[in-house]
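Trainee: Input: one structure, supplied below.
The values are calculated or read from the model by the stated rules, or taken from the named source; none is laboratory data. From a predicted model like this one, the values you see are computed outputs, not experimental measurements. Please note: Cβ atoms are built from the backbone with ideal geometry, for glycine as well, and neighbour counts cover all protein chains shown.
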Amino acid sequence: MIRGLWNRETVALMLLAAYLPLALFWLWLGGTGALAQLALAVLVVGIWHLVFMLMRAQAPSLAALTTALAIAMLAPEDLGAFRLVLGVSFGVVMGELVFGGWGRNVVNPAIVALSFLGFGFPAFSWPVFDAPIAWAAIPAALIGVASGAMPAAVLAGAALVATGAVLTGILPEQVLLAAGIVLVLLVADPVTSAATTLGRWINGALYAGLVTFFAFGWTGAAPVQIAVAAALLTSLAAPLLDEAALALWVAQRRRRHGRT
Amino acid sequence: MEKRTDLWGTLTDPLIRQNPVTLQILGICSALAVTTTLATAVTMSISLTVVLTLAAGFVSVIRRHIPDTIRLIVQIVIVASLVIVIDQILQAYFAEISRALSVYVGLITTNCLVLGRTEAFARHHRPLPAMVDAFGNGLGYSLILIVIGGLRELFGKGELFGIQVLPLADAGGWFTPLSLMLLAPSAFFLLGLLVWAIRSLLREQVEAREHTPPLRTEPAE
């Protein structure tokens, strides 16, 4: 690749391209309701990016669109405009923009927004995804990995553990579908997933493991709720996984080469 | 004349400019734990203010007789005795609120705000300024507690002091309670937002940067 072509916005564009099949399938099946929800989310996220650009000179990012898509797809149903605006504002401002914009955030803003909505309004039901939308997550993951925008090791680690869980029969199909969509939309995020190769494998495996654990032991939880909770905990653990991978690397180096 | 303005400054400084919670980040534990309703927040504020003021007075009176090596023990004994008195009064007259506050009244003993004021100020000043300073700090703590407690009760239940203020959607109104507000994380968020708001109004409270960012080098074309 030509040096200088790859900046933050190129990565955001590649992510958008990867999400295109998923978004199109979802809009096709969801109709105007889905389109209106997406438009509202894009509007709110865009306004906050604009506010932070004007007040703190933070460059707005095209990643706003991926955040809006993830929130619009996964947010609880029939929330109404006011609650959705509140949740999106909280997630985008507290999850991303106060840290200095996309690329400096610790957790994915969409995860923050979804957790806020889930904890704040527990009475609303989570969306249920049919098989076609979940299948569309596979081309999304392929495009993401091919363009290098999504960490392949995270996806591979998650797929490995999920396959094992499905084969032993402890992961129901509905949860698997929701977990796949959340994996592509939220967990395989280049910013908030682990940054070392070993850390990425463990990151993906941890996500799938948590989903399996919740599906097994959390009675009464919706599939998307399980997946979002697992994604939140995984993204909080990601820096720790990186730290462990680095410490391991340093220890190995010290054993091979002596004191350095 | 000099004396009076000094006292006034000692009293009003801790309200916003030197607020113990938002600037010095002291006493966070109880500020987060007891602010689910306004009633508990107010009770806690009054208890802490009384304990702090009296403890500062006592410590200041005997400040020349406290051996330096055991000063912390002496201060904690004084604070703990006062806390026990307050706790007994609450249990006798406000049994319900006392149950809601549970261990947090007892934990005023270990509140870093109390120890901080007696250790840093009362030990070096005469009783009147010491008590004024302690009272001001108590008021500053109370201000934050009442603001956060009010917000949490208003948006979490639509009530203030247990009286319905916002009509609930279940009862034909328009307000849907935000149950996140009754959980502990919301107090963190509110406190963080409050600190952010205060520091963007009063720029001198902003902490110095820990690192200086390197000069940005533009990538070669």
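Trainee: Pick out, from region A:105-186, the helices (runs of 4 or more DSSP H) lying fully within it that include 3 or more residues that are in contact with a Gly (Cβ under 7 Å, 6 or more places away or on another chain) and among the hydrophobic types (A, V, I, L, M, F, W, C).
Mentor: Working: elements: A:109-120, A:131-147, A:152-168, A:173-182.
Filter on region A:105-186 gives A:109-120, A:152-168.
Trainee: Being part of a helix (DSSP H, G or I) and in contact (Cβ under 8 Å) with a residue 60 or more places away in the chain is the filter here; which residues of region A:208-226 pass it? Lay out the reasoning, then the answer.
Mentor: Applying the first criterion (part of a helix (DSSP H, G or I)) to region A:208-226 yields A:208-217, A:223-226.
Passing the criteria: A:Pro223, A:Val224, A:Gln225.
Trainee: Could you list, in sequence order, the residues of region A:111-121 that are surrounded by fewer than 23 Cβ atoms within 10 Å (Cβ to Cβ) and either in contact with a Pro (Cβ under 9 Å, 6 or more places away or on another chain) or away from every other protein chain (no Cβ under 14 Å) (or both)? Lay out the reasoning, then the answer.
Mentor: Within region A:111-121, the subset surrounded by fewer than 23 Cβ atoms within 10 Å (Cβ to Cβ) is A:115, A:119, A:121.
Scanning region A:111-121 gives A:Phe119, A:Phe121.
Trainee: For region A:201-220, name all the residues that are at pLDDT below 90 and either more than 12 Å from A:Pro172 (Cα to Cα) or among the aromatic types (Phe, Trp, Tyr) (or both).
Mentor: To start, the set of residues in region A:201-220 that are at pLDDT below 90 comprises A:215-220.
A:Phe216, A:Gly217, A:Trp218, A:Thr219, A:Gly220 - these are the residues of region A:201-220 that are at pLDDT below 90 and either more than 12 Å from A:Pro172 (Cα to Cα) or among the aromatic types (Phe, Trp, Tyr) (or both).
Trainee: Just to verify a result, which residue in region B:155-174, among those that are among the charged types (D, E, K, R) and either within 11 Å of another protein chain (Cβ to nearest Cβ) or not in a helix (DSSP H, G or I) (or both), is farthest from the chain's Cα centre (by Cα)?
Mentor: We begin by selecting, within region B:155-174, every residue among the charged types (D, E, K, R); these are B:157, B:159, B:170.
When the remaining residues are screened for being either within 11 Å of another protein chain (Cβ to nearest Cβ) or not in a helix (DSSP H, G or I) (or both), the result is B:159, B:170.
Details: B:Glu159: 22, B:Asp170: 35 Å.
If we take residues in region B:155-174 being among the charged types (D, E, K, R) and either within 11 Å of another protein chain (Cβ to nearest Cβ) or not in a helix (DSSP H, G or I) (or both), then B:Asp170 is farthest from the chain's Cα centre (by Cα).
Trainee: Can you tell me which residue within region B:175-218, out of those that are within 10 Å of chain A (Cβ to nearest Cβ) and part of a loop (DSSP other than H, G, I, E, B), is nearest to B:Ser142 (Cα to Cα)?
Mentor: B:Leu183
Trainee: Taking region A:187-207, which residues are free of Cβ contacts under 8 Å to residues at least 60 places away in the same chain and outside any helix (DSSP H, G or I)?
Mentor: Matches in region A:187-207: A:Ala188, A:Ser193, A:Ala194, A:Ala195, A:Thr196.
Trainee: Kindly indicate whether any position in region B:120-137 is outside any helix (DSSP H, G or I), of a type in the set (Gly, Ala, Ser) and at negative phi. I'd like the intermediate steps shown before the answer.
Mentor: Keep residues of region B:120-137 that are outside any helix (DSSP H, G or I), which gives B:121, B:125-126.
With of a type in the set (Gly, Ala, Ser) added as a condition, the list becomes none.
Looking through region B:120-137, none of the residues is outside any helix (DSSP H, G or I), of a type in the set (Gly, Ala, Ser) and at negative phi.
Trainee: Would you point out which residue out of A:Leu54, A:Leu29, A:Leu22 is exposed (fewer than 14 other Cβ atoms within 10 Å of the Cβ) and in contact with a helix residue (DSSP H, G or I) (Cβ under 9 Å, 6 or more places away or on another chain)?
Mentor: Being exposed (fewer than 14 other Cβ atoms within 10 Å of the Cβ) and in contact with a helix residue (DSSP H, G or I) (Cβ under 9 Å, 6 or more places away or on another chain) holds for just one of A:Leu54, A:Leu29, A:Leu22, which is A:Leu29.
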